[in-house]
Amino acid sequence: MKYALTLSIACSALFFACSDTEKLSGTATDTENMLTASAVTGTVTRTDGARAPAAAVRMSKIYSAKDKAVVPEFIEVKTDTLGVFAFDSAIADTFQIAVIDQDAEEISYLPRVVSGSRDLDTIKLEKAAFFESVMYYAEPDSPAVAVGSHFTVYMPGMPFAQSVFAGDSFKMMIPAGTWWFGFCPGDPQIVAKLQDKGIADSLIYRVWSMDSLEAKAGDTLDVGPFIWSTTSDVDSLMKQVPEKPENLSRIMGSVACGAGHPCAGVEVMAITDIYGFEFVGDSSEFVAQTVTDSTGRWWLPVPDSVPYDSFRVEYRLGDSVKTKMTGLSRYARYAEIKDLDNDTLNLGKASLTPQSGLISTIALVIDPRDSTQSSNCMVNSVVVGAKGTAHFVRTVTCNSLRIKDIPSGEQELLLYSGDTKVVSTLQAAETPLDEYVVTTFVNLPKGDMLEWQGMTYTPPTLPKSVK
């Protein structure tokens, strides 16, 4: 269906529609009724050929790509149910057009369009790429202006921009390709105040180039975190601020609940003591180090140490009274983080499930070659826990034990001496772990406790050299 671009044709269409209703059927769309002689109109279709309703169409003047401090102003309209859009008039003789279809995750960018161009008759969308990150605000000790936490992420000279808040993650649809990205305060009055204070534009409008990276259609460019600061003139926002040295290497991941939906407010704990050797008291506890944001994403600094060459992250969703769901990340090896150099290691997405638990009794067997159980239970304590989690308990052999809120599914249970002096002596002697740590696998049911009575424990024998 072609849409009239001149006033006379538009009026003729309306005249016939109104004066001869018996011969013509159908009604004009809202967009058709908006057309004027100077209107700029077009039609947007998706990759499958269907019309694109409710897509955002942005018109902007053309800016020099060399000016990285330009956050283009644009006019935005929405397509109607037939994928048709209309601007009252052109913003200039030559302009640029961007189309963003959030529902289909498709996009189009026309960098140079002449008023009246037939390029607008049918704009076919393409699969979008995504720019995903988080931005932090490094406030100096004596700020010239209180900037606040509202910022804008933009593509210099292009009508792609998004409001973000410092500390929150963001995900921005972009065309496929290699681009520049800018970060600046979101309030124009704040920008003006910074300029009045003599802050250079290069420090107000911080820019970062993808360089050799290329965002491909359908892929997500996951980089960062980015630091906005007026105190350091650096090429990359990911470099450290010299006045406040900080290791910006991070680990990150995301959490889903239910049918894969992002899960906000999930507590996150990095487990580096995967064998539970360092807990104090009769049980270890989950200590939240951060929580997921509204998109289910989280960030943490890389662990200071990884004593057993690997670590993982545990997730817990609930309140102060009851844990409702739990989950675990994959194991990450120390080699993956030792040379990050201010980059970020993504541990991927984890899905939460209803928590599980274990009820058991540990039988004491003195001689591993003889399964006869010993009645001399009270002189031997044992630690039991799920490897790579915050769930370990210390108890006396032959006593019942109960561990709750363990992530469900297959877990590797560990048993070893509850006497910390025995463990430290074995470690000092560099005794192989498998000589004093017993491993067994269990499959913990979702939302229920596993009652398992088949566990036995044999105290370790100290090496002769340290007896």
(Q) How big is the dipole moment of the range 168-208 about its Cα centre under a simple scheme where the beta carbon of each Lys and Arg is +1, that of each Asp and Glu is -1, and everything else is neutral? Debye, nearest 20, please. (A) 60 debye
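Evaluate the charge dipole of the range 29-148 about its Cα centre and quote only its size in Debye, nearest 20, assuming +1 on the Cβ of each Lys and Arg and -1 on the Cβ of each Asp and Glu.
On the way: 11 positive and 19 negative charges, 82 e Å.
Result for the range 29-148 is approximately 400 debye, rounded to the nearest 20.
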Q. What are the radius of gyration and Dmax of the range 313-352, computed over its Cα atoms and given in Å?
A. 13.7, 40
Q.
How large is the translational diffusion coefficient of the range 112-238 in µm² per second when you combine the Kirkwood radius over alpha carbon pairs with Stokes-Einstein at 4 °C and 1.567 mPa s?
A. 81 µm²/s
Q | Extended-chain gain in nm, criterion 0.36 nm per residue less alpha-carbon gap, Leu110 and Asp67 | A | 13.6 nm
**Q.** Candidate aspartates and glutamates - alpha carbon under 13 Å from Lys324, same-chain residues fewer than 8 apart omitted
**A.** Glu267, Asp405, Asp448
(Q) Viscosity 1.567 mPa s, temperature 4 °C: what is the translational diffusion coefficient of the range 176-216 from Stokes-Einstein with a Kirkwood Rh over Cα pairs, rounded to a whole number of µm²/s? (A) 111 µm²/s
Q: Would you mind counting up the charge near Phe441? Only other residues with Cβ under 15 Å from its Cβ, with Lys and Arg at +1 and Asp and Glu at -1.
A: -2
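Which pairs, out of Lys404/Lys446; Lys61/Lys216; Lys66/Lys124; Lys171/Lys349, put more than 19 Å between their alpha-carbon atoms?
Details: Lys404/Lys446 12 Å; Lys61/Lys216 26 Å; Lys66/Lys124 28 Å; Lys171/Lys349 16 Å.
Those over the limit are Lys61/Lys216; Lys66/Lys124.
In what sequence, largest accessible area first, do Asp405, Asp211, Asp219 appear using a 1.4 Å probe? Walk me through the intermediate numbers first.
On the way: Asp405 35, Asp211 115, Asp219 80 Å².
Of Asp405, Asp211, Asp219, the descending order of accessible area is Asp211, Asp219, Asp405.
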Q) Summing +1 for each Lys or Arg and -1 for each Asp or Glu, what net charge is found among the other residues whose Cβ lies under 15 Å from the Cβ of Ala52? A) -3
Q) When the solvent-accessible surface of protein heavy atoms is calculated with a 1.4 angstrom probe, in what order do Cys398, Cys257 fall, highest first? A) Cys398, Cys257
Q. Which residues in the range 90-112 have a backbone N closer than 19 Å to a point placed 7 Å from the Cα of Glu132 along the Cα-to-Cβ line?
A. 101-107
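Once you keep just the Cα pairs under 8 angstrom separated by 6 or more residues, what percentage relative contact order results for the range 283-360?
Numbers: 71 pairs, mean separation 18.3, N = 78.
RCO, the range 283-360: 23 percent.
Mind ordering 126-137, 43-54 by average Cβ neighbours within 10 Å, highest first? Intermediate values should be presented prior to the final figure.
Numbers: 126-137: 19.8, 43-54: 16.2.
Sorting 126-137, 43-54 by mean packing, highest first, produces 126-137, 43-54.
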(Q) From the C-alpha coordinates alone, can you work out the Kirkwood hydrodynamic radius of the range 376-424, in Å? (A) 11.6 Å
Q. Using the scaling law 2.2 N^0.38 Å as the reference, what is the normalised Cα Rg of the range 46-204?
A. 1.15
Q: Mind checking which of Ala52, Tyr63, Thr94 is farthest towards the positive end of the range 30-129's charge dipole, using Cβ charges of +1 (Lys, Arg) and -1 (Asp, Glu) about the Cα centre?
A: Tyr63
Q) If we count every other residue with Cβ under 13 angstrom of Glu73's Cβ, Lys/Arg +1 and Asp/Glu -1, where does the sum land? A) +1
Q | the range 97-232: relative contact order in percent, alpha carbon pairs under 8 Å with at least 6 residues between | A | 31 percent
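With Rg and the Kirkwood Rh both taken from Cα atoms, where does Rg over Rh land for the range 89-157? Walk me through the intermediate numbers first.
On the way: Rg = 18.2 Å, Rh = 15.8 Å.
Here the Rg-to-Rh quotient is 1.15.
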Q) Taking amide hydrogens as modeled 1.01 Å from N in the peptide plane, which residues meet the under 5 Å criterion relative to Ser310, leaving out close sequence neighbours? A) Tyr334
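The values are calculated or read from the model by the stated rules, or taken from the named source; none is laboratory data. These numbers come from a predicted model, not from an experiment. Backbone-built Cβ (ideal geometry, glycine too); neighbour counts: all protein chains shown. Protein only, heavy atoms only, side chains kept; ligands, DNA and RNA dropped before computing areas. Shrake-Rupley method; radii C 1.70, N 1.55, O 1.52, S 1.80 Å.
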